[in-house]
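Worksheet: one structure, shown below.
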Amino acid sequence: MNAQIKATCPYCGDVDLTTDDVVLHECSTAGLSYYAFVCSGCARSIRKPADTHVSTLLRTGGVKVEFWSIPQEAAEQHTGPALSVDDLLDFVIELHRTEDLAAAARRVATS
Ligand SMILES: [Zn+2]
């Protein structure tokens, strides 16, 4: 039998759910875990933060747990000026002029 879970929808208020209605999304980075459910009142997809206490409660209750991590690209340090709209337009124009995509990318990157 599924355990009953009380959750709060920002549109409907308190809603009753079962463990099958909730998925805990555990992130490898602290503070980014959340749980998600489709509200039984308004059918909206709801996401709520799940701190350590909430995660433990949901796990104990038997909800499905999915693990995720932030892509390494998001933590990369970037130097130099940000790509501008003009840079992007120049690149698109180059794409239409050449069949050699790698050479076009090198020219835009060094200009
Ligand atoms: Zn709702």
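Structure notes:
- The chain, relative contact order in percent, only Cα pairs under 8 angstrom and at least six apart counted: 20
- Helix-only CD estimate at 222 nm, as mean residue ellipticity for the chain, using -39500 (n - 2.57) per DSSP H run (n ≥ 4): -9000 deg cm²/dmol
- Stretchable slack from residue 7 to residue 44, in nm (0.36 nm times residue separation minus alpha-carbon distance): 12.0 nm
- Farthest towards the positive end of the charge dipole of the chain, among the residues 71, 13, 37, is the Cα of 13, using unit charges on the Cβ of Lys, Arg, Asp and Glu.
- If you bin all the Cα-Cα distances of region 3-42 at 10 Å, starting from zero, the percentages per bin are 28, 48, 22, 1.
- Contact order, relative form, for region 31-83: 24 percent (alpha carbon pairs under 8 Å, 6 or more residues apart, mean separation divided by residue count).
- With Cα atoms, 0 to 90° folded angle of helix 52-61 axis to the chain main axis: 60
- Extension gain (nm, one decimal) between residue 100 and residue 52, 0.36 nm per residue minus Cα-Cα: 12.2 nm
- Residue-count net charge about residue 57 - beta-carbon cut-off 14 Å; Lys, Arg +1, Asp, Glu -1: +1
- Nearest 10 degrees, 0 to 90: helix 85-97 Cα axis against the chain principal axis: 60
- Kirkwood-based shape ratio for the chain, expressed as Rg/Rh from alpha carbons: 1.28
- Helix 101-110 and the longest principal axis of the Cα set of the chain meet at an angle near 80°.
- Relative exposure of 76, 26, judged by other C-beta atoms within 10 Å (fewest first): 76, 26
- Chymotrypsin sites (Phe, Trp or Tyr not before Pro) within region 1-89: DSSP coil, no more than 12 neighbouring Cβ in 10 Å: 11
Only the coordinates and a few stated rules stand behind these numbers; no lab work does. The model shown is predicted, which means the values in this text are computed figures rather than measured ones. Cβ atoms come from the backbone with ideal geometry, glycine included; neighbour counts cover every protein chain shown.
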